[in-house]
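A short worksheet on the structure shown next.
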Amino acid sequence: MKNKSDQIVIFDTTLRDGEQSPGASMTIEEKVQMAHQLKRLGVNVIEAGFPVISDGDFKAVSEIARQVKGPTICALARAVDNDIEAAAKALSEAENKRIHVFIATSDIHMEHKLKMTREQVVLRAVSAVKKARSYVTDVEFSAEDAARTDLDFLVHIIEAVVDAGATTVNIPDTVGYATPSEFGQLIKALKTRVRNIEQAVISVHCHNDLGLATANSLAAVANGARQVECTVNGIGERSGNCALEEIVMALKTRHDKFAIETDINTRELVNSSKMVEEVTGIHVQPNKAIVGRNSFAHEAGIHQHGVIANRATYEIMRAEDVGFESNEIVLGKHSGRHAIRLWLDKNKITLNEDEITELSNKVKALSDTQKQISDSDVFAILNQSQGDNVV
Ligand code: KIV
Ligand code: ZN
């Protein structure tokens with residue numbers, strides 16, 4: 001992709017962090033199918049897996065590297081030789097390849113998980129980046145739990161890995177702890193304090209434990225991050241990752257504010273979301289931003305009236321632009337005569353004003369007793385009314 005300052009790299013990790021969601025394991029075939037869809041969607045980097053963790057993941061990364069040309073194919077590795085060797089091998093047939101090495105940098109992780117000192121972590125990170133650079137020119141380094149890492153130490157380790165050859169430095173909010181203003185300030189501080197930061201792309205990887213992953217990613221972009229790591233439908237460890245569809249549509253819809261482009265073909269967002277639902281069995285809730293089935297559906301009469309007159313009254317995006325066929329006017333107890341008229345027009349049925357009132361009242365009465373009104377419910381009411389009139 002072009003490396004312009006007004007362009008961000010969309011790094012999709014549905015097949016790696018997304019697959020780490022409990023219950024989201026995918027077969028090799030499903031991962032390959034999903035990778036082809038991610039290419040259609042226009043993501044710049046596909047993190048295809050973590051080759052050292054299983055034969056299946058190794059094969060999935062190798063197969064994606066062999067079949068999916070265009071996007072950069074990335075493989076994850078801990079900062080240890082064996083992982084990096086497995087990643088390099090799995091990526092061997094990729095057209096564009098990246099090795100992503102990570103090590104934790106927060107005191108709590110270094111002390112309790114790694115049992116390493118700060119100095120040891122820096123040495124390990126530097127040698128891992130150098131090792132990865134001996135295989136590929138595109139190397140990403142992640143400072144796991146960066147959002148809870150001492151800032152001076154974070155600056156120091158980033159300078160060291162960039163000197164060692166890291167081309168992207170990723171700042172994860174691994175446990176979704178940061179708030180948008182804090183996270184934005186962190187990126188700003190890194191941009192000003194890291195001596196060699198201009199030699200690397202700043203990336204962010206936000207988890208959603210407090211429901212702030214997209215907001216934090218946006219704050220990071222506003223402060224200079226130029227890669228966002230995300231997953232389709234926001235799947236991922238615990239409460240998930242920044243949702244790809246949300247960050248992309250936030251940047252597109254609020255272009256006035258961010259002036260940032262992506263290469264995403266937004267009309268493929270719904271297809272991608274549906275494929276993730278199918279292969280993982282994890283369904284998005286109806287009110288999920290962008291891809292939930294209620295995102296462009298209107299039931300309240302006042303909203304329906306507005307949307308029928310001008311969609312922009314209650315829609316900030318077009319349903320078609322994210323891949324739905326259209327928006328939807330739903331009949332229910334909150335809907336009014338405008339919605340009934342629209343339904344009748346769509347079904348080429350003509351009624352007079354009294355009949356429209358009667359039908360509207362009957363739809364409201366029925367919706368007091370059931371959650372949704374389908375077309376066949378309305379036809380049944382109409383048939384019943386016709387029968388009543390005949391009698
Ligand atoms: O959440 C995290 O810190 C990660 C890293 C491996 C990037 O997933
Ligand atoms: Zn993560």
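Figures for the structure shown
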| item | result |
| --- | --- |
| Selection status of residue 114, free of Cβ contacts under 8 Å to residues at least 12 places away in the same chain and within 16 Å of ligand 1 (Cβ to nearest atom) | yes |
| Options 147, 215, 178; residue that is under 27 Å from the mean Cα position of the chain (by Cα) and more than 23 Å from residue 262 (Cβ to Cβ) | 147 |
| Which numbered condition residue 138 misses (of (1) in contact (Cβ under 8 Å) with a residue 60 or more places away in the chain; (2) on the phi > 0 side of the Ramachandran plot) | (2) |
| Helices (runs of 4 or more DSSP H) (entirely within region 78-197) containing at least 2 residues that are surrounded by fewer than 17 Cβ atoms within 10 Å (Cβ to Cβ) and not assigned by the TED database to the domain that holds residue 225 | none |
| Unique residue being buried (at least 17 other Cβ atoms within 10 Å of the Cβ) and in the same structural domain as residue 13 (by the TED database) when the list is 276, 322, 307 | 276 |
| Number of positions in region 238-254 that are over 13 Å from the mean Cα position of the chain (by Cα) and either buried (at least 23 other Cβ atoms within 10 Å of the Cβ) or in a loop (DSSP other than H, G, I, E, B) (or both) | 2 |
| Filter pass, residue 256 being more than 28 Å from residue 126 (Cβ to Cβ), within 14 Å of ligand 1 (Cβ to nearest atom), out of contact with any strand residue (DSSP E or B) (no Cβ under 7 Å at 6 or more places or on another chain) and modelled with pLDDT of 95 or more | no |
| Helices (runs of 4 or more DSSP H) completely within region 255-364 that count 3 or more residues being farther than 24 Å from residue 236 by Cβ | 255-258, 301-309, 319-322, 337-346 |
| Residues of region 198-231 that turn out to be in a helix (DSSP H, G or I) and either more than 16 Å from ligand 1 (Cβ to nearest atom) or of a type in the set (Asp, Glu) (or both), as a count | 7 |
| Output for region 365-378, where each listed residue is closer than 18 Å to residue 328 by Cβ and in a helix (DSSP H, G or I) | 367, 375, 376, 377, 378 |
| Filtered residues of region 342-391 (kept if among the basic types (Lys, Arg) and buried (at least 16 other Cβ atoms within 10 Å of the Cβ)) | 362, 364 |
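The values are calculated or read from the model by the stated rules, or taken from the named source; none is laboratory data. Remember, it's a predicted structure, so these values are computed and weren't measured experimentally. Positions of Cβ are backbone-derived with ideal geometry, glycine not excepted, and every protein chain shown enters the neighbour counts.
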